[in-house]
1. Return the only residue of 222, 262, 217, 184 being within 30 Å of residue 324 (Cα to Cα) and small (Gly, Ala, Ser).
2. Residue under question is residue 142, and the condition is that it be out of contact with any Asp or Glu (no Cβ under 7 Å at 6 or more places or on another chain), surrounded by 14 or more Cβ atoms within 10 Å (Cβ to Cβ) and in a strand (DSSP E or B); does it hold?
3. So which strands (runs of 3 or more DSSP E) stay within region 151-196 end to end and still have 2 or more residues that are hydrophobic (A, V, I, L, M, F, W, C) and within 16 Å of residue 59 (Cα to Cα)?
4. Among the residues of region 272-290, what is the count of those that are in a helix (DSSP H, G or I) and either acidic (Asp, Glu) or exposed (fewer than 14 other Cβ atoms within 10 Å of the Cβ) (or both)?
5. Condition (residue is of a type in the set (Val, Ile, Thr), within 30 Å of residue 143 (Cβ to Cβ) and not assigned by TED's automatic domain parsing to the domain that holds residue 78) applied to region 237-249: is it met by at least one residue?
6. Taking into account only those residues within region 291-326 that are part of a helix (DSSP H, G or I) and aromatic (Phe, Trp, Tyr), which is surrounded by the fewest Cβ atoms within 10 Å (Cβ to Cβ)?
7. Which of the residues that make up region 158-179 are of a type in the set (A, V, I, L, M, F, W, C) and over 13 Å from residue 53 (Cα atoms)?
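The values are calculated or read from the model by the stated rules, or taken from the named source; none is laboratory data. On a predicted model such as this, the values are computed, not experimentally measured, just so you know. Heads up, the Cβs are rebuilt from the backbone with ideal geometry, glycines too, and the neighbour counts pull from every protein chain shown.
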Amino acid sequence: MIPAAPDGKSRWFLRYALGILLGAFVAGSALAGPVPLPPAPARPDASSGPTRVTVTAWFADILKIDSAAQTFAVNMVLVMRWRDSALAGGGVPARKFALADIWSPRWLATNSAGSLENSLPEIAVVTDDGSAVYRQRILGSFTQAMNLRRFPFDSETFRINLVIPGYRPEDVELIPDPDAVKTGIAKAVGRTKNLSLQDWDITDLSARPKPYQVVPGTEIAGYEIAFTAARKPHHYLLKVILPLVLIVIMSWAVFWIDPTLGTTQISVAITSMLTLIAYRFAVGAEVPKLPYLTLLDSFILLGSILVFLSLIEVMITTRLSLNNRIKTARSIDRHSRWVFPLVFVILTTLIVVF
C-alpha cells in the first residue's frame with residue numbers, strides 16, 4: 001500500500017524542525033570555536049642564550065653531478081647534537097623520543113631539487129644528562145647554479161643549505177661538531193674514499209654556519225655543507241676535442257689538392273663543415289642553454305670558422321683556376337698550408353689561457 005503524501009501542515013512542521021536543528025548546530029559550532037592545538041615544546045634554556053646545535057655530515061656517496069640540469073645527488077648522513085636540561089634525569093642511560101614530543105632542530109634544505117628520502121626514523125636519543133642526538137640518512141638531489149665558462153676544465157663548489165625554520169641565528173647556533181673534528185673528521189664533514197662519481201674529483205670539503213636571508217633584514221638560522229669538485233676532462237679530450245682537431249686538420253687537405261680539382265676540394269671542405277655542426281649539437285646536450293660561450297664552445301666555434309674560411313679559400317682558388325690563373329691559385333694554397341695551422345695554434349692557446 002502506497003503511503004499518503006504529507007499535507008501542507010506536515011510539510012511546514014518538517015521544515016520548521018529542520019531549521020531549528022540546523023540553527024542549533026551552527027550556534028554550537030560557533031560557541032565551541034577552533035580546537036586548540038597542543039603547545040610546541042619550548043626551546044631548551046631559552047633564557048640563557050642561543051641553543052647550540054652541533055652538526056656533523058658524512059657523504060656516504062656522491063651519486064651524480066648533472067651539468068645540464070644544474071643539480072647534484074648525494075647519499076649523506078647528518079648528525080645533530082644539542083642539550084636539553086628538561087630531559088635530564090630518568091636514571092636510564094639512553095631514551096628514545098619522537099621529534100614531535102621534544103624540541104629539536106627541525107631542519108629544511110632550501111635548495112633541494114624535490115622531495116628528499118629520509119631512511120631513518122625521526123627520533124632523538126637522549127642520555128641521562130639531557131644530551132640529545134639526532135641521526136638521519138638523506139638521499140636526494142639538490143640544485144646548484146654552476147659557472148661553466150671553463151667547461152670541460154672547470155671546478156665547482158656544491159652546497160647543501162640547511163635552515164631551522166622559525167628561529168633566528170641568535171636563537172639557534174649551528175656549528176661544526178668539535179668532537180667530530182677531534183676524531184679526525186676535519187671541519188666536521190667527511191666522505192667515503194670510493195664514490196660512485198667517476199667524472200669528477202672531490203678536492204675539498206667544508207661546513208660552516210650560514211644564516212639564510214628570507215627577506216632583506218630578516219634571517220633565520222642556517223648551516224652550509226659543501227664539497228668542491230673538479231671535472232675530469234679525459235672524456236672530452238679523447239672523444240670530443242681530439243676528433244675535432246683531426247676534422248679541422250682534415251679540412252686543410254684542400255691546400256695540397258691541385259686547384260684544378262675544384263670539385264674534390266669543395267667536397268672535403270663541406271664534409272668537414274657538416275661534421276663540425278653535428279659535433280656542436282652533440283656537445284650542446286652536455287650543458288644548459290647558457291648566455292655565454294664555454295671554453296669548448298669557443299674551441300668548436302674557432303674550428304668552424306677556420307673550416308669555413310678554408311671553404312672560401314677553395315672557392316677563390318677554383319675561380320682563379322677557371323680563369324687560367326693557376327699560378328696565383330697555387331701560391332695561395334702554399335701560403336694557406338702554414339697560415340691556417342699557425343692561426344689555429346695561436347687562437348687555441350689564447351682560448352685556453354684566457
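1. 262
2. When the stated conditions are applied, residue 142 passes them.
3. Counting at least 2 such residues, we get 155-163.
4. 5
5. There is at least one residue in region 237-249 that is of a type in the set (Val, Ile, Thr), within 30 Å of residue 143 (Cβ to Cβ) and not assigned by TED's automatic domain parsing to the domain that holds residue 78.
6. Top of the filtered list is 308.
7. Correct list: 158, 160.
One line per residue, one yes/no per condition, for (1) within 29 Å of residue 43 (Cα to Cα); (2) surrounded by fewer than 16 Cβ atoms within 10 Å (Cβ to Cβ); (3) not aromatic (Phe, Trp, Tyr):
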| residue | (1), (2), (3) |
| --- | --- |
| 106 | yes, yes, yes |
| 158 | no, no, no |
| 163 | yes, no, yes |
| 169 | yes, no, yes |
